[in-house]
Amino acid sequence: MRHVLAMMSDYTCSETISRSIGDGTPLRMKTLERVRLQVGIIAGKELFSWPGTASFERDDPHAIVGGGLTGTGDFGGFSRAVFGSDSTVMTSGEEEVRAGMRAILFRYSIPRSASGYVLRSGSHSAIVDYGGSFWVDPESGRVTALEVEADSRRNQIPADLDMFDVKTLLEF
């Protein structure tokens with residue numbers, strides 16, 4: 001995986017951010033808004049703009065969308081951090097069925113000292129530790145999905161960010 005990440009060329013894609021509020025119970029979550037951005041990995045750096053804009057303007061989505069929760073690293077950054085860092089702690093895999101297909105589930109964690117995951121809410125921001133899971137196709141050895149999670153129960157999300165749980169799911 002490290003050699004694939006090293007060869008990753010520049011690319012662009014779209015991102016939809018759904019921001020919800022609730023007490024942590026899935027059935028009580030209320031979607032506040034959805035924001036769509038254009039994201040590019042250019043010369044190894046994650047850049048953002050509004051869809052349809054001719055060039056990428058910012059390296060921080062917060063500078064574009066204004067208030068509310070934002071984060072960075074969703075695309076190449078998380079993959080590089082999980083699979084390209086010696087600081088990542090992984091557990092051995094177990095087989096399960098995911099989306100109707102056999103998959104090997106691995107869990108991982110990244111300490112705050114090695115994290116580049118920045119969460120922002122209003123005028124507050126913090127680098128947080130995080131963990132999650134990834135799934136591998138047992139036939140091809142290809143990573144099919146990567147889940148990233150930071151939450152206030154296990155991770156160091158400061159109280160002034162006023163958030164309980166942040167999850168990102170990347171499907172490849």
Here the relative contact order (percent) of segment 2-171, from C-alpha pairs under 8 Å and at least 6 apart, is 14 percent
The rounded separation in angstrom of the Cα centers of segment 96-172 and segment 32-63 is 21 Å
May I ask you to evaluate 6.51 cos²θ - 1.76 cosθ + 1.60, the Karplus curve with θ = phi - 60°, for each residue of segment 144-161 and list the ³J(HN,Hα) values in order in whole Hz, giving x for glycine and proline?
9, 7, 9, 10, 10, 9, 10, 9, 6, 6, 10, 10, 9, 7, x, 4, 6, 7
Assign one of three labels to segment 38-172, namely rounded, prolate or oblate, based on the Cα gyration tensor with a ≥ b ≥ c the square roots of its eigenvalues; rounded applies when a/c is under 1.5, prolate when it is not and a/b is larger than b/c, and oblate otherwise.
oblate
Residue-wise, which Karplus ³J(HN,Hα) couplings in Hz belong to segment 111-127, taking 6.51 cos²θ - 1.76 cosθ + 1.60, θ = phi - 60°, and x for glycine or proline?
x, 4, 4, 10, 7, x, 7, 9, 9, 10, 8, x, 8, 9, 8, 7, 8
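Where a number appears in this text, it was derived from the coordinates with a stated rule and is not lab data. Being a predicted model, the structure only gives us computed values, none of them experimental.
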